[in-house]
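Single-structure report; data block below.
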Amino acid sequence: MAYADDNIFAKILRDEIPSFKVYDDEHTLAFMDVMPQAPGHTLVIPKYSAENLLDVDPDFLAATIQVTQKVAGAVKRAFDAPGIMIAQLNGSAAGQTVFHLHFHIIPRHDGVDFKLHAREMEDAGVLEDHAQRIRTAL
Ligand code: AMP
């Protein structure tokens, strides 16, 4: 399947739809997942047209994973999370729903289950508050 320029993350990169940004540089953007599996669920994407991990240029992937590490540290501090789950899905058979490469950063606490994937929309006010907490922790 060829990369589709009208996917929702491509629109976020072009500022055609809003997002709750936490980190932005030349190669990479990080923003809140609007249907978080746990409070603080953040997504990191490259500013390049790659559908998934298997078709991204390795040089761009290096920038994406470095930012994933940096933002994951901030999410951990901001949400006082003893565990951080990194998830990355490739292809609809694996559960991928947005076909622009992204890494999920999901804070985890002992004994607290995470919600189902991409189901329940969070309030904008909550997402902005969480984004601010992560920006402060960066
Ligand atoms: P995946 O299923 O791995 O492709 O993950 C896509 C993620 O994007 C899901 O966790 C969705 O909740 C999330 N998502 C969908 N639309 C938006 C949006 N407009 N802004 C932020 N996150 C989104």
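The values are calculated or read from the model by the stated rules, or taken from the named source; none is laboratory data. Note that the structure is predicted; figures quoted are calculated from it, not measured. A quick note on method: Cβ atoms are made from the backbone with ideal geometry, for glycine too, and the neighbour counts reach across all protein chains shown.
Structure notes:
- Unique match (being buried (at least 17 other Cβ atoms within 10 Å of the Cβ), over 24 Å from residue 7 (Cα atoms) and small (Gly, Ala, Ser)) among 137, 50, 131, 72: 72
- Single unsatisfied condition, residue 80 versus (1) modelled with pLDDT of 95 or more; (2) away from the ligand (no atom under 14 Å from the Cβ); (3) closer than 22 Å to residue 10 by Cα: (3)
- Search result, residues across the range 67-99 that are under 11 Å from the mean Cα position of the chain (by Cα) and under 20 Å from residue 26 (Cα atoms): 67, 68, 71, 72
- Within the range 17-44, the set of residues being near the ligand (Cβ under 7 Å from one of its atoms) and either among the hydrophobic types (A, V, I, L, M, F, W, C) or at pLDDT below 95 (or both) comprises 17, 31, 32, 34, 35, 43.
- Residues considered: 89, 101. Of these, the only one that is crowded, with 20+ Cβ neighbours inside 10 Å, modelled with pLDDT of 95 or more and within 11 Å of the ligand (Cβ to nearest atom) is 101.
- Summed over the range 112-133, residues that are within 14 Å of the ligand (Cβ to nearest atom) and either touching a helix residue (DSSP H, G or I) at 6+ places or on another chain (Cβ under 7 Å) or of a type in the set (Val, Ile, Thr) (or both) total 1.
- Of the strands (runs of 3 or more DSSP E) lying entirely inside the range 33-138, the ones with 3 or more residues being closer than 14 Å to residue 20 by Cα are found at 42-46.
- Looking across 99, 79, 60, one residue alone is touching a residue at least 40 places away in the same chain (Cβ under 8 Å) and touching a strand residue (DSSP E or B) at 6+ places or on another chain (Cβ under 8 Å). It is 79.
- Failed item in (1) of a type in the set (S, T, N, Q); (2) farther than 23 Å from residue 8 by Cα; (3) in contact with a strand residue (DSSP E or B) (Cβ under 6 Å, 6 or more places away or on another chain), with residue 136 passing the rest: (3)
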